[in-house]
């Protein structure tokens, strides 16, 4: 969930350890290093759920993404946060989240330790209207072309580069 400016976010140090908390508005204004989650959602046919963020998001509005996720709240466990964000953003519940590790990302707009997950889901997807403007299941080959054609979330692309490489390698030649 995009959350309010007063949402209290978990801060993480350069070693990837929790080191405090701050309101979301301060995290964004001062580009404080924080923690977030990213969950790749695939269906049983292997398609990837791709969505476009609303134009009102506080970070990278209108960009496309292939992950559901968001910031960790102060004191929140990464897995708990990933489940919460997945349910809020796409209405996906009752799935096993497979950990893909973590990665660090930084640019002039955000700095984070991102906890990465993947799940398989074949049920209905229900967008949170404040977060998702469009979404669809996309075949892997088309999804990989979309990455070159559309503006995607830079942290998802960077932090899941290995996953994307594996997806590309699995395509028929």
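In terms of surrounding Cβ atoms within a 10 Å radius of their Cβ, 32, 144 rank from fewest to most as 144, 32. Protection proxy ranking, highest mean first, for peptides 67-79, 50-62: 67-79, 50-62, where packing is the per-residue count of other beta-carbon atoms within 10 Å, averaged. Nearest 10 degrees is fine. How inclined is helix 78-90 to the longest principal axis of the chain, computing both from alpha carbons? Helix 78-90 and the main axis of the chain meet at about 60 degrees.
If each DSSP helix of 4+ residues adds -39,500 (n - 2.57) and the sum is divided by the residues in the chain, what number results at 222 nm, nearest 500 deg cm²/dmol? The per-residue figure over the chain is -7500 deg cm²/dmol. When the alpha-carbon atoms of the range 95-139 are used, the pair Rg, Dmax equals 14.1, 37 angstrom. For a modelled paramagnetic label at residue 25, 7 Å from Cα along Cα-to-Cβ, no residue of the range 68-105 is in reach, as no backbone nitrogen comes under 16 Å.
Could you rank the peptides 33-42, 83-92, 115-124, 14-23 by their average count of other C-beta atoms within 10 Å per residue, with the highest value first?
On the way: 33-42: 24.1, 83-92: 20.7, 115-124: 17.7, 14-23: 13.4.
Ranked from most to least packed, the peptides come out as 33-42, 83-92, 115-124, 14-23.
Axis of helix 140-149 versus longest Cα principal axis of the chain: the two differ by about 60°, to the nearest ten degrees.
Taking every alpha-carbon pair within the chain, the share separated by more than 28 Å comes to 17 percent.
Of all DSSP bridge pairs formed entirely within the chain, close to 70 percent run antiparallel.
Between the beta carbons of residue 168 and residue 136, assuming R0 = 22 Å, the FRET efficiency works out to 0.65 to the nearest 0.05.
All distinct Cα pairs of the range 88-162 go into the 1/r average, and the inverse of that average, the Kirkwood radius, is 14.5 Å.
No value in this document is a laboratory result; all are computed from the given coordinates. Computed from a predicted model, the values in this text were never measured in an experiment. FYI the Cβ positions are ideal-geometry reconstructions off the backbone, even for glycines, and counts take in every protein chain you see.
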